[in-house]
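Novice: Dumping the structure here so I can ask a few things about it.
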Amino acid sequence: MSVSLRNVTKVFKDVIAVDNVSLDVKDGEFLTLLGPSGCGKTTTLRIVAGFETPTSGEIFIEDRKVNDIPPYQRNTGMVFQSYALFPHLSVFENIAFGLRLKGFSESEIKDKVRRVVEMLGLAELTSRNPSQLSGGQQQRVALARALVVEPKVLLLDEPLSNLDAKLRMQMRVELRKLQQSLSITSIYVTHDQSEAMSMADRIVVMNEGKVQQVGTPWEIYGKPANRFVADFIGRVNIVDAKIVEMSDESTIIEMLGKEYTIDFTPKGFSIGDEVLVILRPESIEICPPGGGDMDLTVDRRVYLGASVEYYLKDEDLSLMVTEANPQHKGIHSEGEKIGIRFLRDCMHFIRS
Amino acid sequence: MPSMLYKLGGNVVNTEAKEKRDFFFNLAVWLLIGSILLFVVYPLAYIFIEVFFPEGMPTLRLFGEILQRHYFIRGFINSVKVATVVASLSVVIGYLFGYTVTRVDITRRKRKIFDLLATLPILSPPFLLALSAVLLLGYNGLITKGLLGITDFSIYGFKGLVIVETIGLFPIAYLTIKGTLQSIDPSIEDAASSLGATRWYVFRKVTLPLSMTGVANAFLLTFSLSMADFGNPMLLAGSRFPVLSVQAYFQITAQFHIDKGAAVALLLLLPALAIFFIQQKIIHSRSYITVTGKPSSLHPQPHSKLAKGILVTLCIVVLGIVAVFYATVLWGGFTDIWMINHVFTFKHFAYIWEAGREYLFDTLILAGIATPISGIIGIFIAFLIIRTKLRTNKFMEMSTMLNFFLPGTVVGIGYMLAFNRYPLLLSGTAYIIILNFIFRYIPVGIRSGISILLQIDPSIEEAAMNLGANRMQTFRKITMPLISPAFFSGLVYTFERSLTAISAIVFLVSPSWYIFTVFILDELSIGRIENASAAVVILFIIITAFIWLAKFVTRKMGEIPTEIST
C-alpha cells in the first residue's frame, strides 16, 4: 500500500512545523524520517495517522485521499514512542483491542492474537499487565497491537528510543526482518542516524519542516545534497575549493592551494564554480610525511579500539581523520608530523 | 471536477457535524458558567450588598457600627490570635511527622502506623475533639477533676481552642509538608552528605530551606481553617472568649440581626480572601522546589540513635494524645452519666436512633444527591482545564476554589441572604442544602480529575483511535476506566465532607430538611454531652465505613499503574 503526501504544510500558531512536504512511500517500503528534534518529522507522521490536520496539502493512502477521514477509519497501525499501552488491560486485551472494534468473532480474535504473539515471542506474557513487562516486552506488545489489525501502513514514532543501547541494536534487526517478511509499508521516525542507516530502504532527511534530501542510506551518506545533510549524517570535513577545469571524464579542482585531478565530473557544476568538498574522515589516508598530498601535525588523538581518530592541524586548517585497525597499522602520537592523502573517488561536491 | 465536488460535499458534512458537537459543548459550558455565577459568585456578592448597600444606597454605616463595637473587635483579634498559634503549632507538629515519615529510617510498620494515625483527625466529625476536651479537661473532666482534683481550671477559651484545633489541623500541615518533602529530589540531599555535611547540617541548610514553600502553604491553610472553624469554638469559646464564626451565628440565629451577621461574615471573609490570593501565588510561583511536581518515593536516611529516639518519642506522644481524645468520645457515648455514673450503656445510642434517625437519613439523602452532581461538574471542569484553552477556565477554577476555601460561615450566610427572596426563594427547601453541597465541593472533583487526566498520556487515547475506536468508544473503553477510580475516591471525599459539614449548613436547615450535624449541635446546646458523644461516634463510624468501602471498591476496579503511561 502506498502513501503519498502532496505539498503538505502544517502551521501551529506562528511556527511552521511542516513546510510544503511532498513524499511518496512505495508499497512495502521502509521509509525513515530523520532529523533533529523539532524538524517536523513526528508532525508529518501524525498527519499521516490523522492526529493532525494539515493546514494545506493532501494525503493519500492507497491512492485514496484521506484528509477528511478521521484517524479511527484510516487503518494505519501506529507504534508510539511511549508505547501508549492501555494500563488497565492485559497484554491479550491490549492486542485484541483493535480486533474487537473491527467485529471479529472471539475465536478469530484468539487465533489472530496467538499468531502475532508467537511471531513476537510474547506467548507466555498474554495474561500479564503492561506494568509487569520490561521495556523491551512493552515495545513488542505495542508492535503486536499495531500489526494484528493488518494495517495498510505501519507508523513508528521513535519506537526504540526508550530501550537500552544493546536491546535497541537487537530490536533494529528484528524489526527490519519482521517488516521485510510481512512486506508492510512502514514510515519510521527517528533522530538516530545509525538507526535510520541500518533499517531504511530510503531516508528522508528533514530540517526546520523542510525535506532536505530523499535517498537510500548509500546516497544520503555518500552524496549529501547540502551542508546540513552532510553535517547531520556522520562526521565530515568540509573544505572550500574551486573548479578549474572540467572534461567529460575528469575534473581539476583547486583546494588548499593545490590542484587535484578527479576521475569524474560532478553534475550541475561548471568551470569557475566555488564549491564545498565533502571529505569523510575515513576517506583520508595516512602516509609517511612528504608522501601524500600534504603534511599536518597530530593535535589530538582519540583511541577507540577498532579505530583511532586524529585531529590534525596546520596554521589555518584542521582536519579529522579516522584510521581503522590501529593494532595492525600502528598509532601516531600527539605532536607528530604525518602525511595525508585525499581519496579522490570519495570526494563529493556541494554548492557553497 | 467531480473530485472537487466531492471535496466540497465532504467539507460541508464535516462542518455540520462539528457545529452540532460544538453547539452542545458550548451549551454545557455556558450553563456551567451561569450556574457558577448564580451559586458561587452571587451569594458572596450579596454579603457585600447587604453590608454596604442595605437600602440600595451605598453606606458604611453598618460596617462602621461593627468596627466600633468592642465585642466584634475582640472577636476578630481572638480569631486571629487562635489561628496564629494553632497554625504555628500545627506546622511544627506537621513537620515533625512529615520529616519522621519521609526521612528517618524507621521500620515500615511504624511508618504506616504513624501515617495512618496522623491523618485520622482529618476524618473526624465536627465537635468530636471539643467534646473530648470537655470530657477530659472540663470543669467535670476526667483528668482535671477526676485524676487531679482541680476544679478551677477552665478549658473554655483560648487554651482549649488551641489544643483541639491543633489536634484537628496538624494532619493538614503534615500532608502538605510531607508532599513537599517527598517532591525534593533525594540526590540533592545525598549530594550535600557526600560533600561532608552531617545529617543536622543537611537538614538546616538543604532540607528545611527546600521545604519552606510547603511550610508556608501549611501555615496559611491551617490558619484559615482555624479562622473558619465553627464546631469547636461553638463548644469551647463561650461568650467570654468571642470568635467571629460563633458571633456571626449568634447574631443571626439568636438575635436575628442578619445585617450584623453579614458584617461579621465580612470580617471573616477579608482575611480569608487575602490568604487565598497569597496561597494561589505561592502555588503558582512553582519555584525550584517542586522540580518534578511528582512525589518521589520515600527517602529514609540513617539518623543517630538520639535524633531518631527524640523524633519517634515526640510522634508517639502526639499520637497518644490523639488516641486518648478518640477513645474518650467513644467512652463518653457508652457512659450513663459522665463522672457520676460510669456504667456501660447503650441508652444514648438508642436515643440517637429514636430522635436523630430521620435527620441522619435526610443528611445521607441530600449528600447522596449532591455528591455525584458535584463530581461530574468537577470532572468536566478538569477536562476543560486540561484539554481545552477556553478563556473561562481560569474563572471556573478560581471561583469554585474560592467557594471551597472560604469559611463555611461566609458561604452559608451568603446563601441565606441571596436565596430567601423571589425569584430564587430556596430557603427552607432541600434545594438550598443540595446546591450548597454541590458548589462547595466541586474543587475536590476538579483536583482528582486534573491529577488523573495529567497522568493519562494523550497518546494512549490516540492509540485507541488509531486502532479504530471513535471518540465515544475511546472515552468509554479507555478514558473512563482510567479516570474512574480517582473519580470515585473524589466522590467519597465529597460525600464525607457533606456529611460532616456544619458551618455553612447551620444557616440553611429548616424544620422540613434537617441535618445530622445540626442535630448534634442541638444536643450539645442543651448540655447532653453523652448523647452528643454517641451521635459523633455514629457519624465517625459511618464515615470510616464509607472510606473503607471506597478503598475496597477502588481496589476491585483495579489500581491503575500510571507509571507506565509516562
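The values are calculated or read from the model by the stated rules, or taken from the named source; none is laboratory data. Source: prediction; values computed, not measured. Heads up, the Cβs are rebuilt from the backbone with ideal geometry, glycines too, and the neighbour counts pull from every protein chain shown. Remember, those area values only see protein heavy atoms, side chains included, never the ligands or the DNA or RNA. Shrake-Rupley method; radii C 1.70, N 1.55, O 1.52, S 1.80 Å.
Novice: Could you pull out every residue, at least 5 positions away or on a different chain, whose amide H is within less than 5 Å of the one on A:His348? Hs are placed 1.01 Å off N in the peptide plane, and Pro or chain starts have none.
Specialist: A:Ile278
Novice: Hey, got a sec? Which GluC sites (Glu not before Pro) in the stretch B:46-88 land in a DSSP loop and have at most 12 other Cβ atoms within 10 Å?
Specialist: Here the sparse-neighbourhood loop sites are B:Glu55.
Novice: Go through B:Asn436, A:Pro281, B:Leu38 and say which Cα lies farthest out towards the positive end of the charge dipole of the protein assembly as shown; charges sit on Cβ, +1 for Lys and Arg, -1 for Asp and Glu.
Specialist: B:Asn436
Novice: Where only protein heavy atoms count, and the probe is 1.4 Å, what is the accessible area per residue for the protein assembly as shown in Å²?
Specialist: 46 Å²
Novice: Something else now. Average partner chain C-beta neighbours within 10 Å, per residue of A:72-81?
Specialist: Average per residue, whole number: 4.
Novice: Hey, any idea what % of the protein assembly as shown's accessible area is carbon plus sulfur with a 1.4 Å probe?
Specialist: Ligands and nucleic acids excluded, carbon and sulfur reach 61 percent.
Novice: With charges set only on the Cβ (+1 for Lys and Arg, -1 for Asp and Glu), what does the dipole of the stretch B:48-135 come to about its Cα centre, in debye to the nearest 20?
Specialist: 620 debye
Novice: Next question, about the same structure. If you put +1 on each Lys and Arg Cβ and -1 on each Asp and Glu Cβ, how big is the dipole of the protein assembly as shown around its Cα centre, in Debye rounded to 20?
Specialist: Once rounded to the nearest 20, the dipole reads 3100 debye.
Novice: Next up: Nearest 100 Å², what total accessible surface is buried between chain A and chain B (probe 1.4 Å)?
Specialist: When A and B are taken together, about 2400 Å² of accessible area is lost.
Novice: For A:Val79, enumerate residues with amide H under 5 Å from its amide H, sequence gap 5+ or separate chain, H modeled in the peptide plane.
Specialist: Excluding prolines and chain starts, which carry no amide H, the hits are A:Leu155, A:Leu156, A:Asp157.
Novice: Can you give the charge dipole size of the stretch A:1-101 about its Cα centre, rounded to the nearest 20 debye, using +1 on the beta carbon of Lys and Arg and -1 on the beta carbon of Asp and Glu?
Specialist: The calculated dipole for the stretch A:1-101 is roughly 160 debye.
Novice: Could I ask something else about it? Please give, to one decimal in nm, the separation of the simple spin-label points placed at B:Met398 and B:Met339, each 7 Å out from Cα toward the Cβ.
Specialist: Modelled inter-label distance: 5.1 nm.
Novice: Among residues other than A:Glu315 whose Cβ falls under 14 Å from its Cβ, what is the net charge (Lys/Arg +1, Asp/Glu -1)?
Specialist: -2
Novice: Under the Karplus relation 6.51 cos²θ - 1.76 cosθ + 1.60, θ = phi - 60°, what is the ordered set of whole-Hz ³J(HN,Hα) values for the stretch A:316-328, x standing for Gly and Pro?
Specialist: Computed from phi, the couplings for the stretch A:316-328 are 10, 9, 10, 9, 10, 10, 10, 10, 7, 6, x, 4, 8 Hz.
Novice: Something else: Given A:Lys242/A:Lys337; A:Lys110/A:Lys166; B:Lys260/B:Lys394, which pairs have Cα atoms separated by over 30 Å?
Specialist: Numbers: A:Lys242/A:Lys337 27 Å; A:Lys110/A:Lys166 33 Å; B:Lys260/B:Lys394 33 Å.
Over 30 Å apart, Cα to Cα: A:Lys110/A:Lys166; B:Lys260/B:Lys394.
Novice: Then there is this: Over 22 Å between Cα atoms: which of B:Lys110/B:Lys159; A:Lys112/A:Lys177; B:Lys347/B:Lys551; A:Lys223/A:Lys267 fall into that group?
Specialist: Among B:Lys110/B:Lys159; A:Lys112/A:Lys177; B:Lys347/B:Lys551; A:Lys223/A:Lys267, the Cα-Cα distance tops 22 Å for B:Lys110/B:Lys159; B:Lys347/B:Lys551.
Novice: Sticking with this structure for a sec: Could you work out the helix-only [θ] at 222 nm for chain B, with each DSSP H run of four or more residues adding -39,500 (n - 2.57) and the total divided by the number of residues, to the nearest 500 deg cm²/dmol?
Specialist: Values: 24 runs with 402 residues, N = 566.
Dividing the helical sum by the residues of chain B leaves -24000 deg cm²/dmol.
Novice: Between the DSSP loop rule and a limit of at most 16 other Cβ atoms within 10 Å, which chymotrypsin sites (Phe, Trp or Tyr not before Pro) in the stretch A:148-232 are left?
Specialist: Of the chymotrypsin sites (Phe, Trp or Tyr not before Pro), not one in the loops of the stretch A:148-232 has a Cβ with at most 16 other Cβ atoms within 10 Å.
Novice: Another question, then. Which one, A:Leu256, A:Thr322, A:Phe232, is farthest towards the positive end of the dipole of the stretch A:203-328 when Lys and Arg carry +1 and Asp and Glu -1 on their Cβ?
Specialist: Checking the options against the dipole of the stretch A:203-328, the answer is A:Phe232.
Novice: In whole Hz, with x marking every Gly and Pro, tabulate ³J(HN,Hα) for the stretch B:417-426 from phi via Karplus 6.51 cos²θ - 1.76 cosθ + 1.60, θ = phi - 60°.
Specialist: Whole-Hz 3J(HN,Hα) from phi for the stretch B:417-426: 6, 6, 10, 10, 8, 5, x, 10, 7, 10.
Novice: Which listed residue (B:Leu128, B:Tyr139, B:Gln182) has the Cα farthest towards the positive end of the charge dipole for the stretch B:123-195, taking +1 on Lys and Arg C-beta and -1 on Asp and Glu C-beta about the Cα centre?
Specialist: So the residue we want is B:Tyr139.
Novice: Per residue in the stretch B:434-464, which ones lose no less than 30 Å² of accessible surface when going from chain alone to all protein chains (1.4 Å probe)?
Specialist: Checking the loss per residue gives B:Ser459, B:Ile460, B:Glu462, B:Ala463.
Novice: Please list, or write none, the lysines whose alpha carbon is within less than 27 Å of the alpha carbon of B:Lys205, excluding same-chain residues fewer than 8 places away.
Specialist: The reachable lysines, counting only those whose Cα sits under 27 Å from B:Lys205, are B:Lys178, B:Lys281, B:Lys294, B:Lys305, B:Lys308.
Novice: When the Karplus curve 6.51 cos²θ - 1.76 cosθ + 1.60 is applied with θ = phi - 60°, which whole-Hz ³J(HN,Hα) does each residue of the stretch B:391-408 get, with x for Gly and Pro?
Specialist: 6, 8, 4, 4, 4, 5, 5, 5, 5, 5, 4, 4, 5, 6, 7, 5, x, x
Novice: From Cα pairs below 8 angstrom and at least 6 apart in sequence, can you work out the relative contact order of chain B, rounded to a whole percent?
Specialist: 19 percent
Novice: Another question about this same structure. Please report the antiparallel percentage of the DSSP beta bridges confined to the protein assembly as shown, to the nearest 5.
Specialist: Antiparallel bridges make up about 75 percent of those DSSP assigns within the protein assembly as shown.
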